[in-house]
Amino acid sequence: MKIGVVTFPGSLDDVDAQRAVRIGGHEAVALWHGDHDLRGVDAVVLPGGFSYGDYLRCGAISRFSPVMAEVVEAAERGMPVLGICNGFQILCESHLLPGALIRNDHRRFVCRDQRLRIENASTAWTSAYAEGDEITIVLKNGEGGFVADEATLDRLEGEGQVVARYLDGNPNGSLRDIAGVSNARGNVVGLMPHPEHCVEELTGAGTDGIGFFASLTADWLATVSA
Amino acid sequence: MPKPEILDPQGKAVLGALPRLGFQGVVDVRQGKRFELEVAGEVTEAVLAQVHEMAETLLSNPVIENFEVRVEPGVEQGVEQGVEQSA
């Protein structure tokens, strides 16, 4: 399958994400923030970094870039979209995902190998895992505190939209230890930690991140309306 | 401004710094943003409605922030008017 990886001005992890896509068994297609079409990709990854310098709010300017208009429209038709770190922030700002990400409660940048539990293994991006799987991938953020009102949090829990949760202590003040969420349909997933950095023994904290890039199936894509 | 129920780590940092500098009696600090928009011509109802839309779509994130819009006289009275906006 062809998976597009968007590069915004200030993206950092786009090349790692492309590499992870290839290791996951797919073709990586570079997309630019100024693009007005998605070059025929089947899915999109929004990588980590500091798009538009995090000016105004993280993801607030990126949301209005030309390529995001295409991504939002395609996501609403069911196309799988994975947002990692800054990509997660962009998805929240775009209202493709509920909630928002604010500055870490302890006000320091956090960079560590983070243990997570996969809470929902039926999304487009997590089907290679089993529910309850515990994985360790890199976490690095300054504004990774996931917040939403109580009613939204209850709904996310109730509908199984909490995709991953932090284990061994909460690293950034995220409510209910939430590390990743999905939309109701399960095609859009946002994740604060970085699976793309954990796909090779040589450079990562293990290879637990591969699953996010190996989950996409033809069945999922068949559900995307034209 | 961040909504009252949203944690404001920056405000907390300021709150922690004040007593260290000898300022007493402050029990809470919330930190927000202020935008000054200069508009051409008069601030009509239509202009104000548009400014509200700007605040909702770009300047603030309604999930975590409240905002208010205030009209102030411009630098050159009668020529330009300023619209102040706090998010």
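Observations, loosely collected:
- Taking every residue in A:96-108 and counting other chain Cβ atoms within 10 Å of its Cβ, the average works out to 3.
- Database remark: amide H of A:Gly83 closer than 5 angstrom to the amide H of A:Leu46, A:Val189, A:Gly190, A:Leu191 (H placed geometrically; neighbours at sequence offset of 5 or more, or on other chains; Pro and chain starts carry no H).
- Relative contact order of chain A, defined on C-alpha pairs under 8 angstrom at six or more residues apart (%): 21 percent
- Largest mean-square fluctuation among A:Gly186, A:Gly87, A:Gly158, in a Gaussian network model of chain A whose springs join Cα atoms under 10 Å apart, belongs to A:Gly158.
- Aspartates and glutamates whose Cα lies under 16 Å from that of B:Lys33, excluding same-chain neighbours fewer than 8 positions away: A:Asp54, B:Asp8, B:Glu56, B:Glu65, B:Glu68, B:Glu84
- For chain A, the mean residue ellipticity at 222 nm estimated from helices alone is -6000 deg cm²/dmol, where every DSSP H run of n ≥ 4 contributes -39500 (n - 2.57) and the total is divided by all residues, rounded to the nearest 500.
- The stretch A:107-226: C-alpha gyration tensor shape, a/c 1.5 cut-off, then a/b vs b/c: oblate
- Note on exposure: A:Tyr52, A:Tyr129 ranked by accessible area (1.4 Å probe, complete protein assembly) read A:Tyr52, A:Tyr129, with the most exposed listed first.
- Nearest 10 degrees, 0 to 90: helix B:45-54 Cα axis against chain B principal axis: 40 degrees
- Chains A and B together bury some 1300 Å² of accessible area, summed over both sides, with a 1.4 Å probe.
- Accessible carbon and sulfur surface of chain A relative to its total accessible area, %, 1.4 Å: 49 percent
- Modelled label positions at A:Leu202 and B:Glu72, each set 7 Å beyond Cα in the direction of Cβ, lie 5.7 nm from each other.
- What you get for chain A, charging only the Cβ of Lys and Arg (+1) and of Asp and Glu (-1), is a dipole of about 360 debye around the Cα centre.
- Straight Cα distances below 20 angstrom link A:Lys2 to the aspartates and glutamates A:Asp13, A:Asp14, A:Asp16, A:Glu27, A:Asp35, A:Asp37, A:Asp42, A:Glu70, A:Glu73, A:Glu76, A:Glu196, A:Asp219, with same-chain residues fewer than 8 positions distant left out.
- Karplus 3J(HN,Hα) series, Hz, for the stretch A:104-109 with 6.51 cos²θ - 1.76 cosθ + 1.60 (x for Gly, Pro): 3, 4, 8, 6, 10, 5
- Per-residue HN-Hα couplings for the stretch A:61-77 [Karplus 6.51, -1.76, 1.60; θ = phi - 60°; Hz; x = Gly/Pro]: 7, 4, 3, 9, 6, x, 5, 5, 4, 5, 5, 4, 5, 5, 5, 5, 7
- The stretch B:1-75-the stretch A:189-225 distance, computed between alpha-carbon centres (Å): 38 Å
- In this structure the amide hydrogen of B:Lys33, modeled in the peptide plane, comes within under 5 Å of the amide hydrogens of B:Ala87, none closer than 5 places in sequence on its chain.
- Remark: the Cα gyration tensor places the stretch A:124-167 in the oblate category, a/c being 1.5 or greater and a/b not exceeding b/c.
- Cβ-derived FRET efficiency at R0 45 Å, B:Ala40 paired with A:Glu76, nearest 0.05: 0.80
- A P(r) calculated from all alpha carbon pairs of chain A, with 5 Å bins opening at zero, reads 1, 8, 17, 22, 23, 17, 10, 3, 0, 0 percent.
- Average accessible area per residue (Å²) across chain A - probe 1.4 Å, nucleic acids and ligands excluded: 37 Å²
- In straight-distance terms, cross-link reach from A:Lys140 covers every one of the lysines whose alpha-carbon lies under 25 Å from its own, apart from those fewer than eight places away in the same chain; here that gives B:Lys12.
- Remark: the Cα gyration tensor places chain B in the oblate category, a/c being 1.5 or greater and a/b not exceeding b/c.
- For A:Val5, the residues whose amide H sits under 5 Å from its own are A:Val29, A:Ala30, A:Leu31, A:Val45, ignoring neighbours fewer than 5 places away on the same chain, with H placed 1.01 Å from N.
- Peptide A:56-69 is shielded by partner chain Cβ atoms: per residue, an average of 2 of them sit within 10 Å of its Cβ.
The values are calculated or read from the model by the stated rules, or taken from the named source; none is laboratory data. Just so you know, these numbers come straight off a predicted model, no measurement behind them. Cβ sites come from the backbone with ideal geometry, for glycine too, and all protein chains shown count toward neighbours. Only protein heavy atoms, including side chains, enter the accessible area calculation; ligands, DNA and RNA are left aside. Shrake-Rupley method; radii C 1.70, N 1.55, O 1.52, S 1.80 Å.
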